[in-house]
Amino acid sequence: MTQLRTDPVAEAETAEQFRQRLRSFLAASHPGRGPKGSRRERTRWQQAWAAALFDAGLAGPSWPREYGGCDLGVDKQILYYEEIARARVPGHPGNGPTIAGPTIIRFGTHEQRERFLRPMLRGDVVWAQGFSEPEAGSDLPALRTTARRAGDQYVVNGQKVWSSNADVADWLFALVRTGTQQSRSAGITYLLIDLATPGITVRPIKDMAGGAHFCEIFLDDVQVPVANRVGEENEGWGVARTSLGHERATRALSQAALFRRVWDELVALLRERGALRDEVARDRVAQLEIRVRIMQLTAQRTIDDIRRTGEPGAASSTSRLYQSLLEQNLYELAMELLGPDALVLDTASGAVQGGRWVANYLRSRAATIGTGTAEIQRNTIAERVLGLPQIFTKAE
Ligand SMILES: Cc1cc2nc3c(=O)[nH]c(=O)nc-3n(C[C@H](O)[C@H](O)[C@H](O)COP(=O)(O)OP(=O)(O)OC[C@H]3O[C@@H](n4cnc5c(N)ncnc54)[C@H](O)[C@@H]3O)c2cc1C
């Protein structure tokens with residue numbers, strides 16, 4: 001991500017000109033409302049939109065241009081995500097461009113970059129993340145899925161869990177154990193696994209909000225070419241840390257822009273329903289408005305770190321923690337101030353905006369678990385940002 005190429009035309013474009021170009025494209029090409037059918041149909045709709053953005057040269061705001069990205073500076077990235085959130089276009093399918101992409105750009109071989117990056121950004125190939133296991137979530141170095149070397153293949157056996165969108169994904173970027181079980185982070189390897197390989201079973205898990213967005217994955221004697229290894233054998237932990245840091249950091253700006261929009265919509269709704277006549281309610285709304293603005297600034301700082309150093313750094317945990325707590329508090333406030341009607345789900349009559357707020361309230365409980373729990377983010381901030389002694393986590 002540090003190898004920046006300059007394109008004289010794009011460089012000469014002012015931020016405002018860029019905004020107008022993007023806004024016109026989004027208005028002219030918006031794919032309309034998503035299909036209500038299966039997850040696969042919805043994924044295809046997202047893929048078609050990702051391809052349209054890519055073909056217009058408007059995909060991957062932080063990606064280098066040689067892999068099809070826009071390579072935007074921080075100011076234009078902020079505009080980018082504001083416009084994307086405002087236009088309500090489909091999100092990118094899977095976890096490729098935010099997590100696996102930056103990792104392959106940094107640690108991948110020339111062949112891997114050429115093979116995987118463009119189809120990933122264009123949405124032609126959908127990626128899922130296979131890190132967590134039943135006994136390895138926060139304590140990821142405890143993972144047990146093994147990869148045994150047999151010639152130019154690895155034979156992978158084990159189980160992954162909570163893998164978002166694995167049911168609709170084509171490829172998995174995964175952490176596997178190549179060292180002994182005791183080797184912890186010194187015996188982990190980063191592999192790219194084609195989900196169509198024999199021996200793989202993917203099962204969706206239903207969540208309490210009624211969705212089934214994540215899956216468990218069983219790997220039974222799965223053959224993975226050694227050529228699909230990112231970085232060296234047993235050095236996957238360092239590679240994964242880059243993945244995790246980028247996951248937290250690059251989502252920061254898009255989430256900040258999204259929650260700016262969601263918050264504005266909530267305030268408008270509260271006003272319409274007369275909920276802001278109460279002084280205490282107004283005070284609470286003002287407090288949250290301040291936090292939404294701080295969130296945006298924190299996200300900008302994290303992205304600026306990446307631009308300067310090529311790495312998100314431990315401060316990405318600050319941004320992620322701030323956002324996840326804000327997301328929960330925003331929906332909690334929505335539930336309180338919208339009143340009992342907001343608890344009605346979309347299947348019943350009288351639901352506020354089709355039950356949108358209660359569904360998102362339920363979903364927001366996961367915000368402080370996914371991409372590392374709030375407790376783990378706090379540990380990271382304590383140890384790596386504030387330099388406090390490592391008394392909570394096992395030293396790696
Ligand atoms: C919506 C969502 C999407 C996800 N998507 C993916 C995905 O695509 N791919 C993937 O691999 N994983 C994914 N995950 C899994 C996620 O990374 C794990 O759930 C998370 O790392 C926590 O692990 P765990 O569930 O095993 O909980 P545990 O690690 O068992 O933690 C249980 C509790 O103990 C606390 N705890 C544990 N260790 C410490 C400590 N050292 N100090 C203080 N407190 C501690 C935790 O904070 C938590 O409250 C997803 C999770 C969610 C909710």
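No lab work stands behind these numbers, since they all come straight from the coordinates. The shown structure was predicted, so the numbers you read here are calculated from the model rather than taken from an experiment. Heads up, the Cβs are rebuilt from the backbone with ideal geometry, glycines too, and the neighbour counts pull from every protein chain shown.
Give the aspartates and glutamates whose C-alpha is closer than 14 Å to that of Lys206, dropping any in the same chain fewer than 8 places away, or say none. Of all the aspartates and glutamates, those that pass the test against Lys206 - Cα under 14 Å, at least 8 places apart if same chain - are Asp167, Glu216. Ranked by the mean number of other Cβ atoms within 10 Å of their residues, highest first, the peptides 29-39, 318-328, 290-300, 94-104 come out as 94-104, 318-328, 290-300, 29-39.
Tell me whether the range 20-63 comes out rounded, prolate or oblate; compute the Cα gyration tensor, take square roots of the eigenvalues as a ≥ b ≥ c, and use a/c under 1.5 as the rounded threshold. In terms of gyration-tensor shape, oblate. Protection proxy ranking for 333-346, 163-176, using the average of other Cβ atoms within 10 Å per residue and placing the highest first: 163-176, 333-346.
The H on the amide N of Ser62, modeled in the peptide plane, is under 5 Å from the matching H of Cys70, Asp71, Leu72, each at least 5 residues off or on a different chain. Model label sites at Arg42 and Arg148, defined 7 Å from Cα along the beta-carbon direction, differ in position by 4.0 nm.
Please work out whether the range 83-151 counts as rounded, prolate or oblate from its C-alpha gyration tensor, where a ≥ b ≥ c are the square roots of the eigenvalues and a/c under 1.5 means rounded, while otherwise a/b larger than b/c means prolate and anything else oblate? Oblate is the answer for the range 83-151, as a/c is 1.5 or above yet b/c matches or exceeds a/b.
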